[in-house]
């Protein structure tokens, strides 16, 4: 179908399949059917009959120790490696129906060492696939500018060479280049592996934000279980020898590892890792007595008897948390200005891991959850976090937290 | 030394028009003393132009043919790695044959003249250029080639758009060595009856003015060719000069 083409020289593109690369292509559904990879002369198969189903628009993370064949699985999708058996279906169509080069132009490809062309400028690098597909110059220029902005690169980088960029910037270019024709499917082989931890974290977050709008189907390879849990909608844990050990969502994987290998691979701290999956808003908040400096202590003690949280919280006139009070602070007639201990402050959108860490760093093991203006909207207890982690059904409605009538235990 | 050279004119008959042809009005005593005579040089400079032109032709033709052969061989060997060893061995043997010996070996087959000289000159460029092209192509980072293939460039596109451009500095380096070597070897071409600056040099080896001018022109030609290749390379590889920002 003809897509709106603002460029006067769109005729060339209209004649080629390139015009199919419209800005809003649907993500692809990907399926591995009994895929086997066996190298001639090798005693054991590299990949042992792998079947996986990746819904459109999701990130599949292939994770496992080195030698488990995760990269081989990824590279078979765009036929950089040809399987010895089985089929890989993209939107139901075997990936062997088209010539390999043509297939690859439709699949975004990002690798750890970026693979940027050192002899081409950033703009030329990003324009690689559009140029192969014969897009008109003006359309390429527009798309390149758009992509650089999308991945957060200053337009002034367009004319530079890769050697003039930092590692993080180069990896952004790599992502922009892979996104150039808005491919329905993307392959990413440890894309953030060679980057310092701080930049990696930022790139991961930015990429997830990007993915929220782009909704591409992505095969993401990593050896880092934390990255897998963070990036994946679904995780395929591979065992050395090319066996699929478990295919599950991050939460399932952490809650119920399929076997000892997976359990070991996800780590002894797998319960804690689940904290990375939740946010403060997922938990039920508790309430405490809110007091102001100068309030009579007798009244505070009285209120405290029915409070869920055993500490009163001092707030200011705007409801912002100032300090936790304990028994010692309530000895006098009134609450004295300046007494109490520091309050951990978290927001509803904070990741549970970060919030919990903040709570642990304070003397009082409760955090004040604040809104955008800094006013307290509830209290997060370390107990609530622990309940969230405990296996079992519906941790969302803990019985003992119910303050309402009729909640006997 | 003089004995060896003495037998050569029988075969080579070098130095037509140059033999002891020093007649000159200015600085006659300097000339008869075999000295360095600026006035004589100025007066007789034009007689070196024809040998120089011939020398340039010998060199450039040898480089062009040598480059075509070795570049083609290198591209073949790049995909068929087993070819590298035999090609290196063969061109290595050619490289080690003394040039004079090669001229004399070829004389019965190809006779005196341009062709004989070129066969010898070309054979000396092969090893250098072949090895540098192969090294250059091998030096292309594997991740770059992988990404190129992964994005859907076919083999030919990978070769011409990625591998060869990135191998250019190494290829140019080989061409520069080959160029300077060939300029030097071409001064022996007159033994094969192919002319060049060797003609005037060997025609009057005792006359310092003569040797200085002809030898100097050889050196200048070598430098000029070297700089020319370098300039072209820099023009073609702007990315190698990009300063990290």
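The values are calculated or read from the model by the stated rules, or taken from the named source; none is laboratory data. These numbers were taken from a predicted model, which means no experiment stands behind them. Here Cβ is always computed from backbone atoms with ideal geometry, including for glycine, and neighbour counts include all displayed protein chains.
Being over 28 Å from residue A:270 (Cβ atoms) and either surrounded by fewer than 20 Cβ atoms within 10 Å (Cβ to Cβ) or at pLDDT below 85 (or both) holds for only one residue in A:386, A:342, and it is A:342.
The condition of being touching a residue at least 24 places away in the same chain (Cβ under 8 Å) and buried (at least 16 other Cβ atoms within 10 Å of the Cβ) does not hold for residue A:332. Checking each residue in the stretch A:90-112 for being more than 14 Å from every other protein chain (Cβ to nearest Cβ) and buried (at least 17 other Cβ atoms within 10 Å of the Cβ) picks out only A:90. Applying the criterion of being more than 11 Å from the chain's Cα centre (by Cα) and surrounded by fewer than 21 Cβ atoms within 10 Å (Cβ to Cβ) to the residues of the stretch A:203-233, the residue that is farthest from residue A:113 (Cα to Cα) is A:213. Mind checking whether some residue in the stretch A:99-109 is at positive phi and in contact with a helix residue (DSSP H, G or I) (Cβ under 8 Å, 6 or more places away or on another chain)? Among the residues of the stretch A:99-109, not one is at positive phi and in contact with a helix residue (DSSP H, G or I) (Cβ under 8 Å, 6 or more places away or on another chain), which makes the answer no. Of the residues that make up the stretch B:90-105, is at least one in contact (Cβ under 8 Å) with a residue 60 or more places away in the chain, under 30 Å from residue B:201 (Cβ atoms), crowded, with 21+ Cβ neighbours inside 10 Å and touching a helix residue (DSSP H, G or I) at 6+ places or on another chain (Cβ under 8 Å)? Yes, because at least one residue in the stretch B:90-105 is in contact (Cβ under 8 Å) with a residue 60 or more places away in the chain, under 30 Å from residue B:201 (Cβ atoms), crowded, with 21+ Cβ neighbours inside 10 Å and touching a helix residue (DSSP H, G or I) at 6+ places or on another chain (Cβ under 8 Å). Selection within the stretch B:154-166: residues that are at the interface with chain A (Cβ under 7 Å from one of its Cβ atoms) and either more than 22 Å from residue B:240 (Cβ to Cβ) or free of Cβ contacts under 8 Å to residues at least 40 places away in the same chain (or both). The member of this set that is surrounded by the fewest Cβ atoms within 10 Å (Cβ to Cβ) is B:154. For the residues B:122, B:140, B:134, the requirement of being outside any helix (DSSP H, G or I) and within 22 Å of residue B:70 (Cβ to Cβ) singles out B:140.
Could you please let me know if residue B:114 is within 30 Å of residue B:158 (Cα to Cα) and surrounded by 14 or more Cβ atoms within 10 Å (Cβ to Cβ)? Considered against the rule, which asks whether it is within 30 Å of residue B:158 (Cα to Cα) and surrounded by 14 or more Cβ atoms within 10 Å (Cβ to Cβ), residue B:114 comes out as no.
Count of the stretch A:32-59 residues, restricted to those that are surrounded by 16 or more Cβ atoms within 10 Å (Cβ to Cβ), out of contact with any helix residue (DSSP H, G or I) (no Cβ under 9 Å at 6 or more places or on another chain) and in contact (Cβ under 8 Å) with a residue 60 or more places away in the chain, is 4.
All but one of (1) more than 30 Å from residue B:134 (Cα to Cα); (2) assigned to a helix (DSSP H, G or I) hold for residue B:183; which doesn't? Condition not satisfied by residue B:183: (1). For the residues A:363, A:353, the requirement of being within 33 Å of the chain's Cα centre (by Cα) and in a loop (DSSP other than H, G, I, E, B) singles out A:363.
Looking at this structure, is residue A:191 within 11 Å of chain B (Cβ to nearest Cβ) and not in a helix (DSSP H, G or I)? In short, no. Might you let me know whether the stretch A:149-172 holds any residue that is surrounded by 22 or more Cβ atoms within 10 Å (Cβ to Cβ), part of a helix (DSSP H, G or I) and facing chain B (nearest Cβ under 10 Å)? Scanning the stretch A:149-172 turns up at least one residue that is surrounded by 22 or more Cβ atoms within 10 Å (Cβ to Cβ), part of a helix (DSSP H, G or I) and facing chain B (nearest Cβ under 10 Å). Looking for something closer than 30 Å to residue A:44 by Cα and within 11 Å of chain B (Cβ to nearest Cβ) - is there at least one such residue anywhere in the stretch A:113-136? Checking the stretch A:113-136: at least one residue is closer than 30 Å to residue A:44 by Cα and within 11 Å of chain B (Cβ to nearest Cβ). Only one of the numbered conditions (1) outside the structural domain of residue A:150 (by TED's automatic domain parsing); (2) touching a helix residue (DSSP H, G or I) at 6+ places or on another chain (Cβ under 8 Å); (3) touching a residue at least 40 places away in the same chain (Cβ under 8 Å) is violated by residue A:288, and that is (2). Candidates B:242, B:203: the one that is at negative phi, touching a helix residue (DSSP H, G or I) at 6+ places or on another chain (Cβ under 8 Å), within 14 Å of chain A (Cβ to nearest Cβ) and at pLDDT below 85 is B:242.
The helices (runs of 4 or more DSSP H) falling completely within the stretch B:1-116 that include 2 or more residues that are modelled with pLDDT under 75 map to B:2-12, B:28-32. Only one entry of B:150, B:136 meets the criterion of being within 24 Å of residue A:71 (Cβ to Cβ), surrounded by 22 or more Cβ atoms within 10 Å (Cβ to Cβ) and within 14 Å of chain A (Cβ to nearest Cβ), and that entry is B:150.
Within the stretch B:222-232, is there a residue that is in contact (Cβ under 8 Å) with a residue 60 or more places away in the chain, out of contact with any strand residue (DSSP E or B) (no Cβ under 7 Å at 6 or more places or on another chain), within 14 Å of chain A (Cβ to nearest Cβ) and under 30 Å from residue A:117 (Cα atoms)? Taking every residue of the stretch B:222-232 in turn, none turns out to be in contact (Cβ under 8 Å) with a residue 60 or more places away in the chain, out of contact with any strand residue (DSSP E or B) (no Cβ under 7 Å at 6 or more places or on another chain), within 14 Å of chain A (Cβ to nearest Cβ) and under 30 Å from residue A:117 (Cα atoms). Counting only residues that are assigned to a helix (DSSP H, G or I) and more than 18 Å from the chain's Cα centre (by Cα), the stretch B:145-180 holds 21 of them. Of the helices (runs of 4 or more DSSP H) lying entirely inside the stretch A:234-292, those containing at least 1 residues that are within 20 Å of residue A:381 (Cα to Cα) span A:270-273.
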